[in-house]
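Contents: one structure, followed by commentary.
The values are calculated or read from the model by the stated rules, or taken from the named source; none is laboratory data. For clarity, every value in this text was computed on a predicted model and none was experimentally measured. Ideal geometry is used to build each Cβ from the backbone, glycine not excepted, and the neighbour counts take in all protein chains shown.
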Amino acid sequence: MAIMVVEDKVTRARAVAGRRASLYSTDEMIHDIAIEDLSAPFILGFLNHLERQRHNCSRTRNARFAAIRSFMEYAAFEEPAIAAQAQSVLAIPMKRFEQPLVGFLSREHIEAILAAPDADTWVGQRDRVMLATLYNTGARVSELLGMRVSDLVLGPTSWIGIHGKGRKERSVPLWPATAKDLRRWLRQYPRAPHEPLFPGRDGRPLTRIGFTDRLKRAVSRASQQFPELARRRIFPHMVRHSVAMHMLQAGVDITVIALWLGHESPVTTHRYVEADLQMKERALKMLQAPSRTSLRYHPTDNVLRFLQTL
């Protein structure tokens, strides 16, 4: 009888282990997950699966785990009986990883990429004005592709409204050259206010994959002028980094840059200060030993004669 009980427990344990393993790789049984399944070993197994089988980076692993932690905190609040189980999951540390320096493009490289699309075609005209707007605003790709015609205000002071993350909105002024390009773009290809500002061929908003492909094509053409671009991995967010770095190098206050990019806190913007070698060089020169030239005041003869009369 005891042997049968042990075999039954082993069989059930194997079934649970097999079910949990299948949950790592497919969502077919996601509806079968019970709160009891979310133990610390199970969560660790899922996180290891992300890195080993799905080849996700540590940053993605931590993002997934942050969502799990939030859920476990909520579940423990709603059901105190699982507080001990939730604490065991919350005790799992976030994985540490090296923080690379921010990559950005020089002004010459940016200008070459903006001028790369063929201005004789509809797609090329769209790509030119789209990339110019991206560099002007420093918007995220999702924010750029979500822009509508009604978000654009063209006048003596032109600006565009950006719908950022967390339903946060901000307004960014447009340079005269960018406003001129957008005005010409809408005059040649007018659209209704609710339609996307940068549509695809089908009239619907351009996808993130589609935008990345258009950027790669522009970089490929720009690499004919600057061959070093072909050896770099240039992604859409690098343009946003470049905007921040160029503003920082121009002497724009870091709090203004944070507002321009839609950062919730200027602390996020400090990453660009760390990557700016020119700013570090200026700080280093200020720390160098002072000149041997004496800074002591030497009065003129007239001043000495006046003092003697006192």
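Could you tell me how many of the residues in the range 107-139 are basic (Lys, Arg) and crowded, with 19+ Cβ neighbours inside 10 Å?
Residues in the range 107-139 being basic (Lys, Arg) and crowded, with 19+ Cβ neighbours inside 10 Å: 2 in total.
Please go through the range 220-234 and give me each residue that is touching a helix residue (DSSP H, G or I) at 6+ places or on another chain (Cβ under 7 Å) and farther than 11 Å from residue 105 by Cβ, ordered by number.
Listed by number, the residues that qualify are 223, 225.
Can you give me the number of residues within the range 142-160 that are touching a Leu at 6+ places or on another chain (Cβ under 8 Å) and surrounded by fewer than 19 Cβ atoms within 10 Å (Cβ to Cβ)?
Matching residues across the range 142-160 total 6.
Give the range 133-158 a look and list any residue that's of a type in the set (A, V, I, L, M), part of a helix (DSSP H, G or I) and over 21 Å from the mean Cα position of the chain (by Cα), or say none.
Of everything in the range 133-158, just one residue is of a type in the set (A, V, I, L, M), part of a helix (DSSP H, G or I) and over 21 Å from the mean Cα position of the chain (by Cα), namely 149.
If you go through the range 236-263 one residue at a time, how many are loosely packed, with under 13 Cβ neighbours inside 10 Å and either closer than 27 Å to residue 214 by Cβ or at pLDDT below 80 (or both)?
The total comes to 1.
What are the residues in the range 186-243 that are of a type in the set (A, V, I, L, M, F, W, C) and over 24 Å from the mean Cα position of the chain (by Cα), if any?
186, 192, 226
Any idea which of 72, 130, 94 is in a helix (DSSP H, G or I), among the hydrophobic types (A, V, I, L, M, F, W, C) and over 30 Å from residue 204 (Cβ atoms)?
72
On the basis of being of a type in the set (Val, Ile, Thr) and either free of Cβ contacts under 8 Å to residues at least 60 places away in the same chain or touching a Leu at 6+ places or on another chain (Cβ under 6 Å) (or both), does residue 110 make the cut?
No; evaluated as a whole, the condition is false for this residue.
Would you be able to tell me the number of residues in the range 171-190 that are of a type in the set (Lys, Arg) and either at pLDDT below 90 or touching a Lys or Arg at 6+ places or on another chain (Cβ under 8 Å) (or both)?
Residues that pass the stated criteria total 0.
Please specify each residue of the range 198-219 satisfying the condition of being of a type in the set (Ser, Thr, Tyr) and under 26 Å from residue 111 (Cβ atoms).
212
Looking at this structure, is residue 131 among the hydrophobic types (A, V, I, L, M, F, W, C) and modelled with pLDDT of 90 or more?
Spelling it out, residue 131 is indeed among the hydrophobic types (A, V, I, L, M, F, W, C) and modelled with pLDDT of 90 or more.
Has the range 264-275 got at least one residue that is modelled with pLDDT under 85, surrounded by 16 or more Cβ atoms within 10 Å (Cβ to Cβ) and not in a helix (DSSP H, G or I)?
Within the range 264-275 (the criterion being modelled with pLDDT under 85, surrounded by 16 or more Cβ atoms within 10 Å (Cβ to Cβ) and not in a helix (DSSP H, G or I)), the answer is no, since none of the residues qualifies.
From the list 47, 23, exactly one residue is closer than 20 Å to residue 88 by Cβ, modelled with pLDDT of 90 or more and surrounded by 10 or more Cβ atoms within 10 Å (Cβ to Cβ). Which is it?
Answer to the check: 47.
Take residue 110 and decide whether it is part of a helix (DSSP H, G or I) and closer than 15 Å to residue 218 by Cβ.
Considered against the rule, which asks whether it is part of a helix (DSSP H, G or I) and closer than 15 Å to residue 218 by Cβ, residue 110 comes out as yes.
Would you check which residues across the range 161-170 are crowded, with 17+ Cβ neighbours inside 10 Å and either of a type in the set (Gly, Ala, Ser) or farther than 23 Å from residue 242 by Cβ (or both) and list them?
Answer for the range 161-170, where residues must be crowded, with 17+ Cβ neighbours inside 10 Å and either of a type in the set (Gly, Ala, Ser) or farther than 23 Å from residue 242 by Cβ (or both): just 164.
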